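Okay, so here's the structure we're looking at.
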Amino acid sequence: MLLLDAPIRDSHAQITFDELPAVTGDRSQLIQLMDNLIGNALKYHGDQPPQIYISAKHSKNEWIISVRDNGIGIEPKYYEKIFEIFQRLHDQKMYPGTGIGLAVCRRVVYQHGGRIWVESEPGHGSTFYFTIPDKELITHE
């Protein structure tokens with residue numbers, strides 16, 4: 001989280017999390033995935049300091065990991081568009097960025113055999129979910 005230390009401090013963010021599982025995968029890619037999701041929650045926080053909650057639950061042969069925030073939210077019609085490269089929903093001056101972060105997240109999740117999606121309500125935050133196969137269970141079945 002070193003890359004996010006300044007934005008966390010500057011925005012007075014509160015990040016909480018449950019016990020998270022150890023998963024099998026490319027460490028640097030998984031770090032980038034979490035950095036992008038947490039970074040977006042920090043960036044799109046609206047008027048209130050960001051509150052970010054990270055959790056995981058086991059389902060069948062996979063882990064479902066979620067990153068929930070209290071940010072500005074996303075309209076349902078944009079749920080797919082946000083994962084496309086260079087697709088931005090906001091003015092560059094208001095929310096700077098390249099529009100590649102969530103596309104990278106999708107690529108990383110797909111490369112690990114998972115899927116990624118968002119649930120959100122404008123003005124009430126977003127929850128990004130992604131799955132990572134539980135290699136321990138898959139190899140022992």
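Only lysines eight or more places from K43 in sequence, or on another chain, were considered; those with a Cα closer than 17 Å are K93. Working from label points 7 Å from Cα in the Cα-to-Cβ sense, the L3 to H124 distance is 3.2 nm. What the Cβ-Cβ distance of S11 and Y110 gives, at R0 = 22 Å and to the nearest 0.05, is a FRET efficiency of 0.15.
Just so you know, all these numbers are worked out from the coordinates, no wet-lab data involved. Not measured: the values here are computed from a predicted model. Quick reminder, even Gly has a Cβ in these numbers, built from the backbone with ideal geometry, and neighbours come from all protein chains shown.
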